[in-house]
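So the structure is just underneath, and the comments pick up after that.
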Amino acid sequence: LHAIQPLSPEDVLKNMVRGQYGAGTVDGQRVGGYRSEPDVAPDSNTETFVALKLQIDNWRWAGVPFYLRTGKRLAQRTTEIVIQFRRTPFVLFRNTTVKNLETNRLVIHIQPEEGISLSFGAKVPGSVMKLGLVNMDFDYCTYFGLEHSTGYERLLRDCMAGDATLFQRSDMVEAGWNVIQPILDVWRALPARGFPNYAAGSWGPVEADDLLERDGRSWRRIGEEEIDKRGRIAAPDKAGIIT
């Protein structure tokens with residue numbers, strides 16, 4: 001946290017997106033917007049979504065962008081860390097463009113399912129040189145034969161036992177606020193005018209997609225990936241073909 005580049009007001013306006021959900025559909029049911037929730041003012045500008053781009057100033061992560069996104073009433077309730085590896089600058093076979101080869105990706109699933117997935121390219125069986133995405137998966141509960149937990153059970157037990165191992169120290173909390181406070185200051189000075197700006201049950205405002213598209217990237221959309229959990233190869237139209 002101490003290594004995160006300080007944010008100027010210009011950085012906040014350029015690299016931060018805020019949102020508030022309106023009416024939409026969740027699990028097949030129509031739901032109201034945030035401003036129609038009980039005890040919420042009909043003109044409330046409270047944020048229910050944020051997406052941001054951060055840079056870290058140290059030798060290991062210099063030049064590597066970190067994109068964060070969180071919000072309420074999104075398409076799915078999930079927490080994960082996605083590490084996308086650099087696209088290869090060259091290809092082994094001729095007559096193949098780099099853009100047809102998918103980048104490798106490591107996904108660390110935190111909740112509701114705990115595990116790790118690694119996606120990479122593999123040759124599709126047959127005489128034609130065709131590459132497709134495959135997955136290597138580790139599911140914590142499946143491997144150890146456990147039921148999925150909410151994540152609070154262990155913390156509540158540790159509270160009662162006086163074990164602070166999994167809790168943040170005060171200096172870490174303060175360091176986190178040092179990152180967030182400049183964002184809040186700018187947003188307080190410039191109240192949002194376009195709320196609500198995303199529908200409940202969606203993945204957030206379109207500006208959050210634009211934030212990554214400017215850098216030639218896109219958010220990982222759960223449930224819309226080319227690979228399923230059994231590691232099956234992507235559909236032919238998604239595979240990089242080498243002739």
Subject >> Dipole of the chain, positive direction: furthest Cα of 61, 125, 44, with charges on the beta-carbon >> reply: 125
**OP:** Rounded to the nearest Å, what's the spacing between the alpha carbon centres of the range 133-164 and the range 192-212? Just the number, please.
**Re:** 31 Å
Original post:
For the chain: lysine pairs with Cα atoms under 23 Å, gap of 8 or more or different chains, count?
Top reply: 11
**OP:** Could you tell me which label, among (i) 5, 8, 8, 8, 8, 8, 6, 5, 5, 5, 4, 4, 4, 7, 6, 5, 3, 1, 0, 0; (ii) 6, 22, 30, 27, 12, 3, 0; (iii) 7, 31, 39, 21, 2, carries the value of P(r) over Cα pairs in 10 Å bins from 0, in percent calculated for this structure?
**Re:** (ii)
Subject >> Sites matching GluC sites (Glu not before Pro) across the range 174-226 that sit in DSSP coil, with at most 13 neighbouring C-beta atoms within 10 Å >> reply: 224
**OP:** Show me 160-172, 179-191 ranked by packing, highest mean number of other Cβ atoms within 10 Å first.
**Re:** 179-191, 160-172
Original post:
So which trypsin sites (Lys or Arg not before Pro) in the range 37-79 pass both tests, a DSSP loop state and at most 12 other Cβ atoms within 10 Å of the Cβ?
Top reply: 60, 77
Original post:
Counting alpha carbon pairs within less than 8 Å and at least 6 residues apart, what relative contact order, in whole percent, applies to the chain?
Top reply: 27 percent
Subject >> Highest to lowest packing among 118-131, 137-150, scored as the average C-beta count within 10 Å >> reply: 118-131, 137-150
Subject >> Where chymotrypsin sites (Phe, Trp or Tyr not before Pro) fall in DSSP loop in the range 50-91, at most 14 other Cβ within 10 Å >> reply: 59, 61, 85, 90
**OP:** Determine, from the Cβ-Cβ distance of residue 61 and residue 87 and an R0 of 25 Å, the FRET efficiency 1/(1 + (r/R0)^6), rounded to the nearest 0.05.
**Re:** 0.85
Subject >> Dipole magnitude of the range 9-241 about its Cα centre (Cβ charges: Lys, Arg +1; Asp, Glu -1), debye to nearest 20 >> reply: 920 debye
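Every number here is computed from the coordinates shown, using simple stated rules; none is lab data. Predicted model only: the values in this text are computed from it and were never measured. Here Cβ is always computed from backbone atoms with ideal geometry, including for glycine, and neighbour counts include all displayed protein chains.
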